[in-house]
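Report on the following structure.
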Amino acid sequence: MGQSVRQGAVGLTLNRHINIDRREFDRFKAILYNCATRGPDTQNRADIPDFRSHLNGRIAYVELVNQVRGRRLRELYERIKWSAAQEHTN
C-alpha cells in the first residue's frame, strides 16, 4: 500500500505510527463531551450496566495507543458529573 492509503488493522491506523482511527476518536470524544454537558445517562444508548467503567476502559485503551489523545479524553472524562448510584465504581 502507498503512504496516501490508510493502513489499518483492528481499529488502529498504522501509517507513520500506530494511532486511533480519527473517526472513532472523534465519536468517542463527542460521547464524553455530551456526558460532561448533558449527563452520562443521555449517552448510554446501549444500556451498558457499568457505563462509567466502560468509558474508563476505552480511555485507557486510547492512552496506551496515543498518550496525547488519551489525555484529552481523560480531561473530558474528569468533567463528568456522576450520580450517587454511579459513584460506587471507579
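Distant-in-sequence amide contacts of Ile20, defined by a placed amide H-H separation under 5 Å and a gap of 5 or more residues or a different chain, comprise Thr13. All other residues whose Cβ lies under 14 angstrom from that of Arg38 are scored, Lys and Arg at +1 and Asp and Glu at -1, for a net of +2. Averaging 1/r over each pair of different alpha-carbon atoms in the range 21-81 and inverting the result gives 11.5 Å, the Kirkwood hydrodynamic radius.
FYI, it's all coordinate maths here, none of it is from the lab. Since this is a predicted model, take the numbers as computed values, not measurements. Because the Cβ atoms are built from the backbone with ideal geometry, glycine has one as well, and the counts that use them run over all protein chains shown.
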